[in-house]
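The values are calculated or read from the model by the stated rules, or taken from the named source; none is laboratory data. Fair warning: this is a prediction, and the values are worked out from it, not measured in the lab. Ideal geometry is used to build each Cβ from the backbone, glycine not excepted, and the neighbour counts take in all protein chains shown. The protein model used for the area step is the full one, side chains on, heavy atoms only, and it has no ligands, DNA or RNA in it. Shrake-Rupley method; radii C 1.70, N 1.55, O 1.52, S 1.80 Å.
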Amino acid sequence: MSMLLGASAVTAQKAFTIKGKLTDTARAGSKVTIYYNNGTKPVRTIVVPKEGAFEYTGTVTGPAKVSLSSYVSAWELKKLGSWTEQEEFYVEEGTVLVEGSRLNNVVITASGQPQQDFRKLQALLQPFEQRDKAAYQSKLQAIIAKDTATAKRYDEQIAVLKASVDSAKLVFIAAHPGSFVSLDLVKEQATPKALVEQKEKVARLFNGLTEPVKQSEGGKTLNGLISKAFKLSAGNAAVDFTMTDTLGKPVSLSSFRGKYVLLDFWASWCIPCRAENKNVVKAYSRFKDHNFTVLGVSLEKKGDQKAWVDAIHKDSLTWTHVSDITNGKHEAATMYGIQSIPMNYLIGPDGTIVAANLRGEVLDKKLEELLGK
């Protein structure tokens, strides 16, 4: 699933500095990726430690979780059970010290209540994560040995551990309603799938947070997504819009009234979208003569007309396509609360939303149910 980038509001910025020292000489030259959100704007940068030392200064509008990661070599994969080493912590402002031999065993020195809360969460999750890591490493060995039966058993064990982690996170949220860590955990719950199928649960978790957290920039953004999810529920009217097709002609969603239309959000650069296109082509070929069509809304990069049209032809997408290709604003995606793609809405002949996030065979089954074919 390809994630989309949001715009950040103009808000007071607080400066922070990360000072790192990694002493493992075998990691000399390894790049460290730094990722965090400055308000709603994702920030990703790479630093290259010199003699193990690195420093980075950035700004945030409020408490933010920072992720440091470094790729490992193929020979280290067997030992670590992961392609990356990673460490996370919270920043507000001031200096954070990251000290150790390598990223998977550093000591973090950071001030602020969010970081204290995060340490509590890490302590709560540590027993489950240790067992999960062991299970993953065992699964990796089974895959290397081509033992699919054993690998499947470890998959089942990992799924149980994931459920335990999810339950522990819910316990943390309930116990720390005034924590920005809890806000981030609720954001994790607010996946596109959950906002379609479990929006009541997500709203309940969000409403349990304290007002200062809900009124923060991140809180307001999440509340907007939840509110939009309720407005876009099945039975509500689809939001109309007009965009231009590949020839520059205006096309309105409302012009498809009288048919079932799959409003399909995708992009030429989105690998999961291109994979899902095969399923949409299959559904379109089967039901196009039975009062069904597709309207593709592509979230192309500004001016990238060639990539858009080439992808349409290469994937045999023989339905109507529109995009904000001249400005790249993707206003329809904003109207429909699109966080990531591929994502779709099935709209009925009367212009009301029937269902959302129909992927693979689920789309075929829904159309069979509605069209009886």
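Quick notes on this structure:
- Residue count, the stretch 215-228 (criterion: open to solvent by 30 Å² or more (accessible area, probe 1.4 Å) and farther than 23 Å from Glu197 by Cβ): 3
- Filtered residues of the stretch 111-129 (kept if buried (at least 18 other Cβ atoms within 10 Å of the Cβ) and within 24 Å of the chain's Cα centre (by Cα)): Pro114, Gln115, Asp117, Phe118, Leu121, Phe128
Residue by residue, here is whether (1) within 24 Å of Phe287 (Cα to Cα); (2) out of contact with any Pro (no Cβ under 8 Å at 6 or more places or on another chain); (3) of a type in the set (Gly, Ala, Ser) holds:
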position: Thr326; (1), (2), (3): no, yes, no
position: Thr334; (1), (2), (3): no, yes, no
position: Ile341; (1), (2), (3): yes, no, no
position: Gly348; (1), (2), (3): yes, yes, yes
position: Thr352; (1), (2), (3): yes, yes, no
position: Asn357; (1), (2), (3): yes, no, no
position: Leu363; (1), (2), (3): yes, yes, no
position: Leu367; (1), (2), (3): yes, yes, no
position: Leu370; (1), (2), (3): yes, yes, no
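- Any hit, the stretch 195-208, residues being in a helix (DSSP H, G or I), under 28 Å from Asp304 (Cβ atoms), modelled with pLDDT under 95 and open to solvent by 50 Å² or more (accessible area, probe 1.4 Å): no
- Single residue of the stretch 71-86 satisfying the filter (modelled with pLDDT of 55 or more and open to solvent by 70 Å² or more (accessible area, probe 1.4 Å)) that is nearest to the chain's Cα centre (by Cα): Gln86
- Yes/no for Asp132 being open to solvent by less than 60 Å² (accessible area, probe 1.4 Å) and at pLDDT below 95: yes
- Within the stretch 308-318, the set of residues being open to solvent by 20 Å² or more (accessible area, probe 1.4 Å), of a type outside the set (Val, Ile, Thr) and either under 17 Å from Asp264 (Cβ atoms) or in contact with a strand residue (DSSP E or B) (Cβ under 8 Å, 6 or more places away or on another chain) (or both) comprises His313, Lys314, Asp315, Ser316.
- The set of residues in the stretch 50-70 that are farther than 19 Å from Gly94 by Cβ and open to solvent by less than 20 Å² (accessible area, probe 1.4 Å) comprises Gly52, Ser70.
Each row is one residue, and each column tells you yes or no for (1) more than 19 Å from Ser216 (Cβ to Cβ); (2) open to solvent by 50 Å² or more (accessible area, probe 1.4 Å); (3) part of a helix (DSSP H, G or I); (4) in contact with a Ser or Thr (Cβ under 6 Å, 6 or more places away or on another chain).
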{"residue": "Ala151", "(1), (2), (3), (4)": "yes, no, yes, no"}
{"residue": "Tyr154", "(1), (2), (3), (4)": "yes, yes, yes, yes"}
{"residue": "Ala159", "(1), (2), (3), (4)": "yes, yes, yes, no"}
{"residue": "Val165", "(1), (2), (3), (4)": "yes, no, yes, no"}
{"residue": "Ala168", "(1), (2), (3), (4)": "yes, no, yes, no"}
{"residue": "Val181", "(1), (2), (3), (4)": "no, no, yes, no"}
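- Residues of the stretch 229-243 that turn out to be open to solvent by 50 Å² or more (accessible area, probe 1.4 Å) and of a type in the set (S, T, N, Q), as a count: 2
- Residue ID - surrounded by the fewest Cβ atoms within 10 Å (Cβ to Cβ), chosen from residues in the stretch 87-110 that are of a type in the set (S, T, N, Q) and more than 24 Å from Ser216 (Cβ to Cβ): Asn105
- Residues of the stretch 112-149 that turn out to be touching a strand residue (DSSP E or B) at 6+ places or on another chain (Cβ under 6 Å) and either farther than 27 Å from Leu170 by Cα or without any contact (Cβ under 8 Å) to a residue 60 or more places away in the chain (or both), as a count: 1
- Annotation: Val10 fulfils all but one of (1) within 30 Å of Ala275 (Cβ to Cβ); (2) among the β-branched types (Val, Ile, Thr); (3) at pLDDT below 65; the unmet one is (1).
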